[in-house]
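The structure appears right after this line, and notes come after that.
The values are calculated or read from the model by the stated rules, or taken from the named source; none is laboratory data. What you see is a predicted model; the values in this text were computed from it and never measured. Cβ: placed from backbone, ideal geometry, glycine included. Neighbour counts: every protein chain shown. Heavy atoms of the whole protein, side chains included, go into the accessibility calculation; ligands, DNA and RNA do not. Shrake-Rupley method; radii C 1.70, N 1.55, O 1.52, S 1.80 Å.
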Amino acid sequence: MASTPKASTDVPSIAAEAVLAKSDFDSTNATVVKGYDFNNGIDHHALLSSYATCGFSATKFGLAVQEIIRMINKKLEVPVEDITDFNSHTNRRLSNCTIFLGLTSNLVSCGVRETIRYLVEHNMVDCLVVTAGGIEEDFIKCLGNSYIGAFNLSGKELRKKGVNRVGNMLVPNDNYCKFEDWVMPILDQMLEEQNSQGMKWTPSKVIHRLGKEINDKSSIYYWCYQNNIPVFSPALTDGSIGDMLYFHSHKTSGLVLDIVEDVRKMNNQAVTAKHSGMIILGGGLVKHHVNNANLMRNGADFSVNVNTGQEFDGSDSGAPPDEAVSWGKIKMDATPVKLCADASFAFPLIVAETFARYQQQFDQRLEKEKSLPKKTA
């Protein structure tokens, strides 16, 4: 009887070489992956700080925090009393880092509105770029509330009830009627000033005026008016404000808005910036408008994007920061960050780890600036 061959105990060399390949990696200066240990108690600052070493999108969050802190430190590097130069188009003092904040309208529709209001209330940013919905929704919220709903509510049934759905939030249409009642007399006055005083209106001037007229401390644009922070919205007609302008043109035609003056003003704010930082929430118009202004100075020094766009379709919304580098919109030696996340939960956490931790310094600068001489004509 033939004997059974004895099985080999040797691992095939090709398998051993593939699975047990030797590492050629110097870990001397490498960051170790480590998350938060809840045995240390509930410490939200320590928890968010640990994201930097957690990996995946959490690490991107940590990098975004670090990039914004670099912007802030650059801005605060020069004491406000040592700044004597003003931007001739915005009449704002030229801080050591001009921070541009771009955001899409959904972020004003949701509770991130209060985060944006906080930033402008404490004069932490120098310029806002917002789509039309992000302008009107701020004022509408001063006139009536929005409510939490659900993503799957029937559009047909909501329409019958005069309720508008924004994602999983509900806005009664009566709010827009209140907005019409409030804004129409202001448009009348603007037209009268155009005709009698030669006033040349631009979208940013309209927003500035509405921020003055609303006189409500819960408003983003009230604080932009108070702190002389320019707000640019080149597509201002693409929303309820556009509806009101349309209705007003049938009542009394002739009101003119000049978008060329605004693009000159915003681009010059970038050109004259000593250093420049961009924080862009969402994509589309606001992302390109902020980036393109910084092209005029051969690129921003700092950049953070928070959006869910992907680059495979060639859209500007999904384009990574490195594409902007190729256009000269971000400097070649910058360290830009793109965080793929819904800004409604990511951005308040970012602010908690950045601007909010510097509030005392910003408030001291703002109080000191109020005591300094204003720009003379």
For the structure I just gave you, tell me whether T237 is more than 20 Å from M199 (Cα to Cα), among the β-branched types (V, I, T) and more than 18 Å from the chain's Cα centre (by Cα). no
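For the stretch 189-218: of the residues being touching a Pro at 6+ places or on another chain (Cβ under 8 Å) and without any contact (Cβ under 8 Å) to a residue 60 or more places away in the chain, which is surrounded by the most Cβ atoms within 10 Å (Cβ to Cβ)?
So the residue we want is P203.
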Okay, helices (runs of 4 or more DSSP H) sitting entirely in the stretch 236-319 with 2 or more residues that are touching a Gly at 6+ places or on another chain (Cβ under 8 Å), I get 285-295
Taking the conditions exactly as written (open to solvent by 20 Å² or more (accessible area, probe 1.4 Å), of a type in the set (S, T, N, Q) and either in a strand (DSSP E or B) or within 28 Å of M296 (Cα to Cα) (or both)), does N91 satisfy them or not?
yes
Checked V351, V290, V337, V304 against criteria (of a type in the set (A, V, I, L, M) and touching a Cys at 6+ places or on another chain (Cβ under 9 Å)); the one match is V290
Picking from G314, G318, G309, the residue that is surrounded by fewer than 16 Cβ atoms within 10 Å (Cβ to Cβ) and farther than 22 Å from I72 by Cα would be G314
Restricted to the stretch 53-68 and to residues being free of Cβ contacts under 8 Å to residues at least 24 places away in the same chain and over 10 Å from E353 (Cβ atoms), the residue surrounded by the fewest Cβ atoms within 10 Å (Cβ to Cβ) is F56
Flagged in the stretch 272-312 as of a type outside the set (G, A, S) and over 18 Å from L339 (Cα atoms), in numbering order, are T272, K274, H275, L285, H289, N292, N294, L295, M296, R297, N298
D342: passes all of (1) free of Cβ contacts under 8 Å to residues at least 40 places away in the same chain; (2) over 14 Å from the mean Cα position of the chain (by Cα) but (2)
Of the candidates V260, V256, the one satisfying the condition of being without any contact (Cβ under 8 Å) to a residue 24 or more places away in the chain and within 30 Å of Q194 (Cα to Cα) is V260
Report task. Would you check if there is a residue in the stretch 244-265 being farther than 25 Å from D188 by Cα and under 18 Å from the mean Cα position of the chain (by Cα)? Result -> no
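The rows are residues; the columns are (1) over 24 Å from the mean Cα position of the chain (by Cα); (2) open to solvent by 60 Å² or more (accessible area, probe 1.4 Å); (3) β-branched (V, I, T); (4) within 30 Å of T90 (Cα to Cα).
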position: T131; (1), (2), (3), (4): no, no, yes, yes
position: I135; (1), (2), (3), (4): no, no, yes, yes
position: F139; (1), (2), (3), (4): no, no, no, yes
position: N145; (1), (2), (3), (4): no, yes, no, no
position: G149; (1), (2), (3), (4): yes, no, no, no
position: G155; (1), (2), (3), (4): yes, no, no, no
position: V163; (1), (2), (3), (4): yes, no, yes, no
Residue count, the stretch 165-188, condition surrounded by 12 or more Cβ atoms within 10 Å (Cβ to Cβ) and part of a helix (DSSP H, G or I), comes to 13
Tell me whether the stretch 362-376 contains one or more residues that are surrounded by 12 or more Cβ atoms within 10 Å (Cβ to Cβ) and β-branched (V, I, T). no
Just one listed residue, out of R113, R117, is open to solvent by less than 30 Å² (accessible area, probe 1.4 Å), closer than 30 Å to N73 by Cβ and in contact (Cβ under 8 Å) with a residue 12 or more places away in the chain, and it is R113
Filtering helices (runs of 4 or more DSSP H) wholly in the stretch 6-83 for at least 3 residues that are modelled with pLDDT under 95 gives 13-19
